[in-house]
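**Q** Below is the structure I would like to discuss, written out as structure tokens.
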Amino acid sequence: MSKRQTTSAGAPVPTNETSKTAGARGPVLLEDYQLIEKLAHQNRERIPERAVHAKGWGLQGTFTVTHDITKYTRAKLFSEIGKQTEVLSRWSTVAGEQGAADAERDVRGFSLKFYTEEGNWDMVGNNTPIFFVRDAYKFPDFIRTQKRHPQTNLRSPEAMFDFWAGQPESVHQVTILMSDRGIPKNPAHMHGYGSHTFSMWNEAGERHWVKFHFRCQQPIENHTNEEAKKLIGETRESFQEDLWTMISEGRFPKWTLFIQVMKEGEEDRFPFNPFDLTKVWPHADYPLIEVGELEMHTLPENYFQMVENAAYSPSNVVPGIGFSPDKMLQARIFSYADAHRYRLGTHYEALPANAPKAPVAHYHKDGAMRFFRNDTGNPDAYYEPNQYEDAPRADPSVQEPPLKIDAEAYRYPQEVTEDDFVQPRALYLEVLDDDARKRLHQNMAGAMGPCSDAVKERWYAVLERVHPDYARGVREAAESAPALPVTPDTPAKAAE
Ligand code: NDP
Ligand code: HEM
């Protein structure tokens, strides 16, 4: 039986189709409040899209512990083998807007919200183990080069390669982006990485530095540029469609969680800065330790409520998991919650996608849209310290062990050194085979096709530092490519 339709204030409505007019031909009366409200609500249906990672796809699922890592962490979600925790995932492209095509060449976001019994742990990673830059000052500029040119309103390869050429440490990530893995078939066929170095601390207060790897159990599958071009011509929503089909058919994608672990203190003996986000920890030195299995099995009933409203933040850690000195991570701890307060509002953590399964008790009150209980459970306990036994109290037992920092505050320049080319070189020479290298050359040459010669030459010089074959391969692919039509993507100032 249908429900009786009401206003948002709960009163039954006589019609949802016919305006109230003076006479059969109109005009409409101002007192037809339901019409006004309907139109006003429509005007407020959209919220700001994420400044980055605007296009996304999400599922709900379960994480199950398969191996004991309690010697590293006291985090309750890892407390025993077999323990299960609900998870909300959101995968995304970085640069495109909400309407962007899914099969674009781009890094993919890999966000997981674990609703643990001691609060939400958010793993806000990517499908790459590293990143383009290693100082947060450079992040807004980097993103600007990925978005639209202010005059042409087009994406600008000139800006992208100009920026990367000025940031040679980005070559590691650009190599991955231009390799076969730059266009995954869909989220089920790619790995996920926490990318930063994080920390874990155990019951005894011992800290280890940790990298998170979610390795997909489905085979790694990617699209070539040609396949993606054809696919985008047929559908812009290939990821969402694939996920929908997989879940509807009961083919639930799975990942195995591994960690790499470094004892606190060992970082000083590491050959480079282990908190540098442009570098991995080699597997041979820091082997993968298996932890558990992630299975994503449910399409959220309402996309807006669970995926668009999802507010992931690296600041969401739980006792037993912590940060590291990584400068980028430190900046992200601020940036995400700030973005959520703007995009979703002050009380974004109370929305269904974000509300912890753990009890919540804090002294924040009031504010726009305080739509849930506005006190601590005791109306007198609205400040602290207070005399009330039932009021929320901090728990010193969840205090993180102290981290020794003995250093001079300074803006330390991070010069580009030979170290920055060791890992891209290993990727290029040892991980990729001849065919994969050829495709890398062609993909990169294609992506930089519209760039000015000046920018191309600066980029070839960066590739040269990785390996002369890399620079030569991309140059040859660029020079043998058919000439591109002139685009409005001209560097106005540089050309003068
Ligand atoms: P390994 O040979 O143990 O690992 C190579 C890694 O590279 C594997 O995880 C592999 O994934 C992944 N890989 C293969 N092709 C690509 C690609 N096109 N883009 C991104 N990753 C790819 O070597 P090391 O640990 O010594 O690392 C060697 C180089 O591999 C590094 O310099 C780095 O560039 C890259 N790499 C390293 C990772 C790490 O955490 N150590 C993680 C990912 C990349 P798969 O197993 O699915 O084939
Ligand atoms: C989204 C900032 C680096 C992964 C975002 C958002 C901001 C942001 C503001 C939008 C949040 C929202 O509106 O919901 C930054 C800053 C960075 C940085 C300031 C560097 C200093 C990174 C890195 C990674 C990453 C290194 C991966 C390792 C993501 C992901 C999302 C995202 C996956 C989408 C989250 C979601 O699914 O909702 N970032 N970011 N970011 N970022 Fe970053």
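Any read-out appearing in this document is the output of simple, stated calculations on the displayed coordinates, not a laboratory observation. Just so it is clear, the structure is predicted and the values come from calculations on it, not from any experiment. Please note: Cβ atoms are built from the backbone with ideal geometry, for glycine as well, and neighbour counts cover all protein chains shown.
**Q** Using a 7 Å offset from the Cα along the Cα-to-Cβ direction at both Ser2 and Gln387, what is the distance between the two label points in nm, to one decimal?
**A** Label at Ser2, label at Gln387, 5.9 nm between them.
**Q** So for the chain, averaging the separation of alpha carbon pairs under 8 Å that are six or more residues apart and normalising by length, what relative contact order in percent results?
**A** 17
**Q** Check Gly125: other-chain or 5+ apart residues with amide H under 5 Å from its amide H, H built from backbone geometry?
**A** For Gly125, whose amide H was placed from the backbone, the distant partners under 5 Å are Phe110, Ser111, Leu112.
**Q** Could I ask something else about it? Looking at segment 371-415 from every direction and averaging, what is the projected area of its Cα convex hull in nm²?
**A** Result: 7.7 nm².
**Q** Quote the charge dipole size of segment 311-448 about the Cα centre in Debye, to the nearest 20; the model charges only the Cβ of Lys and Arg (+1) and of Asp and Glu (-1). Don't skip to the end; give the middle numbers.
**A** Numbers: 15 positive and 21 negative charges, 121 e Å.
Value, rounded to 20: 580 debye.
**Q** Once the convex hull of the C-alpha atoms of segment 264-330 is built, how many Å³ does it hold per residue, rounded to a whole number?
**A** 164
**Q** Next question. How big is D for segment 343-496, in µm² s⁻¹ as a whole number, if Stokes-Einstein is applied with the Kirkwood radius of its Cα pairs at 25 °C and 0.890 mPa s?
**A** 109
**Q** Now for a different question. Full extension from Ala355 to Glu241: what is 0.36 nm times the residue separation minus their Cα-Cα distance, to one decimal in nm?
**A** Working: separation 114, 0.36 × 114 = 41.04 nm, distance 2.76 nm.
This chain segment gains 38.3 nm when fully extended.
**Q** Turning to a different aspect of this structure: Multiply the residue gap between Ser19 and Thr417 by 0.36 nm, knock off their C-alpha separation, and tell me the result in nm, one decimal place.
**A** Numbers: separation 398, 0.36 × 398 = 143.28 nm, distance 7.05 nm.
Here the answer is 136.2 nm.
**Q** Compute the length gained on full extension between Leu39 and Lys83: take 0.36 nm times their separation in residues and subtract their Cα-Cα distance, giving the result in nm to one decimal.
**A** 11.0 nm
**Q** Tabulate in residue order the Karplus-calculated ³J(HN,Hα) for segment 158-165, using 6.51 cos²θ - 1.76 cosθ + 1.60 with θ = phi - 60°, rounded to whole Hz; enter x for Gly and Pro.
**A** 4, 5, 4, 6, 4, 5, 4, 5
**Q** Mind listing the phi-derived Karplus ³J(HN,Hα) values for segment 408-422, rounded to whole Hz, using 6.51, -1.76 and 1.60 with θ = phi - 60°, and x for any glycine or proline?
**A** 8, 5, 6, 8, 6, x, 9, 5, 7, 10, 4, 3, 6, 10, 5
**Q** Ok, one more. Please identify the GluC sites (Glu not before Pro) of segment 1-53 that satisfy two criteria: DSSP loop assignment and at most 11 other Cβ atoms within 10 Å. Which are they? Walk me through the numbers on the way to the answer.
**A** Working: sites: Glu17, Glu31, Glu37, Glu45, Glu49; in loops: Glu17, Glu31, Glu45, Glu49.
Sparse-neighbourhood loop GluC sites (Glu not before Pro): Glu17, Glu31, Glu45.
**Q** While we're here: Report P(r) for the chain: all Cα-Cα distances, bin width 20 Å, range 0 to the bin holding the largest distance, values in whole percent.
**A** 20, 50, 25, 5, 0
**Q** Counting other C-beta atoms within 10 Å, and keeping those with at most 14, which DSSP coil trypsin sites (Lys or Arg not before Pro) do you find in segment 278-374?
**A** Lys357, Lys365, Arg370, Arg373
**Q** Rounded to the nearest 20 Debye, what is the dipole magnitude of the chain about its Cα centre when Lys and Arg each give +1 and Asp and Glu each give -1 at the C-beta?
**A** Magnitude of the dipole: close to 1140 debye.
**Q** Please list the non-local residues whose amide H lies under 5 Å from the amide H of Ser156, H modeled 1.01 Å from N, same-chain partners needing a gap of 5 or more.
**A** His149
**Q** Segment 67-158: percent of C-alpha pairs farther apart than 16 Å?
**A** Within segment 67-158, distances greater than 16 Å cover 69 percent of Cα pairs.
**Q** May I pose another question? Based only on the alpha carbon positions, what is the Kirkwood hydrodynamic radius of segment 257-372, in angstrom?
**A** 17.6
**Q** Which of the GluC sites (Glu not before Pro) found in segment 164-222 are in a DSSP loop and have at most 16 neighbouring Cβ atoms, other than their own, within 10 Å?
**A** Loop-located and lightly packed - Glu203, Glu206, Glu221.
**Q** Towards the positive end of the charge dipole of the chain, with charges on Cβ (+1 Lys, Arg; -1 Asp, Glu), say which of Ala337, Pro287, Thr128 has the farthest Cα.
**A** Ala337
**Q** On to the next question. If you place +1 on the Cβ of every Lys and Arg, -1 on the Cβ of every Asp and Glu, and leave all else neutral, what size is the dipole of segment 235-335 about its Cα centre, to the nearest 20 Debye?
**A** I would put it at about 220 debye.
**Q** Over segment 221-314, what lengths in whole Å, largest first, do the semi-axes of the equivalent ellipsoid take, defined as the square roots of 5 times the eigenvalues of the alpha-carbon gyration tensor? Numbers along the way, then the final one.
**A** Numbers: eigenvalues 253, 76, 47 Å².
Taking √(5λ) for each eigenvalue gives 36, 19, 15 Å, largest first.
**Q** Provide the per-residue ³J(HN,Hα) series for segment 36-52, in order, calculated from phi with Karplus coefficients 6.51, -1.76, 1.60 and θ = phi - 60°, each as a whole number of Hz, with x at glycine and proline positions.
**A** Karplus values, whole Hz, x for Gly and Pro: 4, 5, 4, 5, 5, 5, 4, 5, 10, 6, 8, 10, x, 6, 4, 4, 9.
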